[in-house]
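Below is one structure, written out as structure tokens; the observations come after it.
The values are calculated or read from the model by the stated rules, or taken from the named source; none is laboratory data. The model shown is predicted, which means the values in this text are computed figures rather than measured ones. Note that each Cβ is placed from the backbone with ideal geometry, even for glycine, and that neighbours are counted across all protein chains shown.
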Amino acid sequence: MKLENQWPKYYKKNVVTHYCPGCGHGIVHRIIAEVLEELDVGKRALLVCPAGCAVLAYHYLDIDVIESAHGRGTAIATGVSRANPDLFVISYQGDGDLSAIGTAETIHSANRGENITVIFINNAVYGMTGGQMAPTTLLDQGTTTSPLGRNAALDGYPLHITDVVAAFPGVAYAERVTVATPGGIKKTKKAITNAFQTQIEGLGYSIVEVLSPCPTNWKMTPLQACRWVVEEMSKEYKPGLLTDKREEKRKLKA
Amino acid sequence: MSGNHTIGEAAIRAGCKCYFGYPITPQNELGEYMAANLRRAGGVFVQSESETAAINMVVGGAATGARVMTSSSSPGISLKQEGISFLAGFELPAVIVNMMRGGPGMGNIAPAQGDYYQATRGGGHGDYRTPVLAPASVQELADLTMEAFNIADRYRTPVMLIGDGMMGQMKEPVVFPEPVKEFPEKKWALKGRGEGPSRYLASLILDGLEMERHNWKLVRKYQEIAERETRYELYLMEDADFAIVAYGTTARICKGAIKRARREGIRVGLIRPITLFPFPTKVLQEIAHRVKNFLVFEMSTGQMVDDVKLALADYQVDIAFHGRPGGVIPTPLEFARVINRHYLRMKK
Amino acid sequence: MSKKDKVFTVKIRRDYCKGCGLCIEFCKQDVLQASANMNSMGYHYAEPAQPESCIGCMICTMVCPDLAVEVYSE
């Protein structure tokens, strides 16, 4: 008998994550580990993990990791990448981290075209703190700090930060995907592969936004949460390629 | 050479590979020097989007084992405190320069010493301290900048070099030490796992007992720093029966004042802490066996004076204070008058 | 040997499973079901109900957030 799905080389063995049942983090962690192995960059990888549910990512991913203060992931990634350009640098961030407290770092690392890859987990809430409203929370979506639903007049609108940075000349690759369906998961792996390759080729900043279920804070079953990603979240944040400037960057480099 | 340029040149000679900073007066010449000269030397200069970003770039650079630095002035250093706390928690070496200005709030851009508490008490959140070096001449700026990198590496800690607008702007002759060629090995640095086991740097320690152990470990490190790195200068203290305590710019002004006072027959000397943390407690205590009157000068409303009082709590001594906060630079004449007044009171 | 000629077997790493049920829901062949028993974490883990129906599409391994599903072939 042959095992068809080998345990990924860069995923720690004999650990069970602290993530809730049906949480998207586990899927994205696994995909990162798989792609690191397929592209053979795990040995020189350094992942910046955020404040939030993924703060303990170093217990799961078997690569070098540095923890970040809330929102500062891409500043730390900039420091790492500039000090040692041989390192393969990933900043793993959630929506509160990347698009609220870390907005300035996100915008400017993207604008500088840092040669790093950002994995942006968008679940429309602050997960670890108990499901408060995030910049990405949908209109009318109930959270612990928008109990009657997000009200545009009081709380503003869902923030499309990846669309913003995709417009920057420094951003070589940006795609939005979901991990709520098998097809979405396949596309996520393809997008993360493209993003990693962008960095390997030294073409600059790459970002993959992953619409990811948070059943616990959405107060749904894991299956309902997946449906909600497909039926509600994907309407606000349309999955797809947001920018791909790799070809022109390759020409510039040549 | 100006003080700010001197720090830049000394840092490059110390092997500083990366400078991350944000413009703020009165230390802009340092960033400008690095933009031109560190890049020319093959290093990294990034003008960050904010002070917070700059200090976190420092965190990232330091994690790879490179010698890294940032600089700012009072309001900017407040913004950097989050990152300094993380550096202390991670036990990462880095050099942070604070060219202090008048405050609180926006304050002004004139020289002041109002950040003493912030610098010596940790400054950010949590239970940590930062070694603080306080030069008083351009030559010392060069020497202590290079030493700051050594102390940072030796003890895996952020080190703060603290001056003020005057230290940064004034020009004096300076002889630079030879560039550092050999650097300590940093086995802890993150370089990718390679063929070995993966490693991580984290300051999150959820278990209370484990966090407590980490806190006490830091304390032991600070005790070792206190034993081995405490620095001070004694000026005309051999025959003194009256001691001034002052650091940085204020200490320079004091020297002029002491010369004047000595011409009038006052046997006054200066104790100048060069490290503000660790504070030169022992030398103060030794001197307190024979000197019973201390006068603390600061360009603040009185911050270091607390450390003098703590050091001499068990001694029967009189500790007076004279401060000029807010960016006012006192003159040697003013200090000499204050010395005179206190000396007369003392002799009664 | 083409995929059609292979025989696939699904196994669940019982103590990794958090009982989210995504593998059960997304399996088009209805191979899996929630066990009546609980694992060490207190979850009703997934278990093969009709193992012979597995066609090796690997979707269960893809949607599992916890690397709890193994698919063997022979």
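Of note:
- For B:Gly65, the conditions (1) surrounded by fewer than 21 Cβ atoms within 10 Å (Cβ to Cβ); (2) on the phi > 0 side of the Ramachandran plot are fulfilled apart from (1).
- A:Lys9 within 14 Å of chain B (Cβ to nearest Cβ), of a type in the set (Lys, Arg) and closer than 17 Å to C:Val69 by Cβ: no
- Flag if B:Ile109 is away from chain A (no Cβ under 14 Å), within 27 Å of B:Ala202 (Cβ to Cβ) and of a type in the set (A, V, I, L, M, F, W, C): no
- Boolean, C:Glu52 is surrounded by fewer than 20 Cβ atoms within 10 Å (Cβ to Cβ), more than 7 Å from chain A (Cβ to nearest Cβ), charged (D, E, K, R) and over 12 Å from C:Ile12 (Cα atoms): yes
- When the range A:57-87 is limited to residues that are more than 7 Å from chain B (Cβ to nearest Cβ), out of contact with any Pro (no Cβ under 9 Å at 6 or more places or on another chain) and closer than 20 Å to A:Gly113 by Cβ, the one that is surrounded by the fewest Cβ atoms within 10 Å (Cβ to Cβ) turns out to be A:Asp86.
- Within the option set B:Gly114, B:Gly89, B:Gly83, being away from chain A (no Cβ under 14 Å) and more than 15 Å from B:Ala148 (Cα to Cα) holds for one residue only, B:Gly114.
- Condition broken by C:Asp15, with the remaining ones in (1) under 19 Å from A:Arg30 (Cβ atoms); (2) more than 11 Å from chain A (Cβ to nearest Cβ); (3) not hydroxyl-bearing (Ser, Thr, Tyr) satisfied: (2)
- Taken over the range A:196-216, the residue count meeting the criterion of being crowded, with 21+ Cβ neighbours inside 10 Å and within 29 Å of A:Gly22 (Cα to Cα) is 11.
- The criterion of being at the interface with chain C (Cβ under 9 Å from one of its Cβ atoms) and surrounded by fewer than 23 Cβ atoms within 10 Å (Cβ to Cβ) holds for A:Glu4.
- Only a single criterion out of (1) surrounded by 15 or more Cβ atoms within 10 Å (Cβ to Cβ); (2) farther than 18 Å from A:Leu223 by Cβ; (3) more than 9 Å from chain A (Cβ to nearest Cβ); (4) not aliphatic (A, V, I, L, M) is not satisfied by C:Ser2, namely (1).
- The combined condition, being crowded, with 21+ Cβ neighbours inside 10 Å and either in the same structural domain as B:Ala152 (by TED's automatic domain parsing) or touching a residue at least 12 places away in the same chain (Cβ under 8 Å) (or both), is fulfilled by B:Ile244.
- Count of the range A:14-50 residues which are modelled with pLDDT of 95 or more and within 10 Å of chain C (Cβ to nearest Cβ): 16
- Qualifying residue in the range B:95-105 (condition: more than 10 Å from chain A (Cβ to nearest Cβ), surrounded by fewer than 24 Cβ atoms within 10 Å (Cβ to Cβ) and of a type in the set (A, V, I, L, M, F, W, C)): no
- On inspection, C:Met41 fails the criterion of being without any contact (Cβ under 8 Å) to a residue 60 or more places away in the chain, surrounded by fewer than 17 Cβ atoms within 10 Å (Cβ to Cβ), within 20 Å of A:Ile31 (Cα to Cα) and facing chain A (nearest Cβ under 10 Å).
- Some residue of the range C:47-57 being touching a Lys or Arg at 6+ places or on another chain (Cβ under 7 Å) and either small (Gly, Ala, Ser) or within 16 Å of A:Cys23 (Cα to Cα) (or both): yes
- Residue in the range B:260-267 that is buried (at least 17 other Cβ atoms within 10 Å of the Cβ) and either under 25 Å from B:Tyr117 (Cα atoms) or of a type in the set (Ser, Thr, Tyr) (or both) present: no
- Scan the range B:214-230 for residues that are of a type in the set (Lys, Arg) and buried (at least 17 other Cβ atoms within 10 Å of the Cβ) and the total you get is 1.
- First in the range B:285-312 and in a strand (DSSP E or B), second anywhere and among the hydroxyl-bearing types (Ser, Thr, Tyr) and at pLDDT 95 or above, Cβ under 7 Å, 6 or more apart: B:Phe297/B:Thr250; B:Glu298/B:Thr250
- Residue among B:Leu234, B:Leu201 that is modelled with pLDDT of 95 or more and in contact with a helix residue (DSSP H, G or I) (Cβ under 7 Å, 6 or more places away or on another chain): B:Leu201
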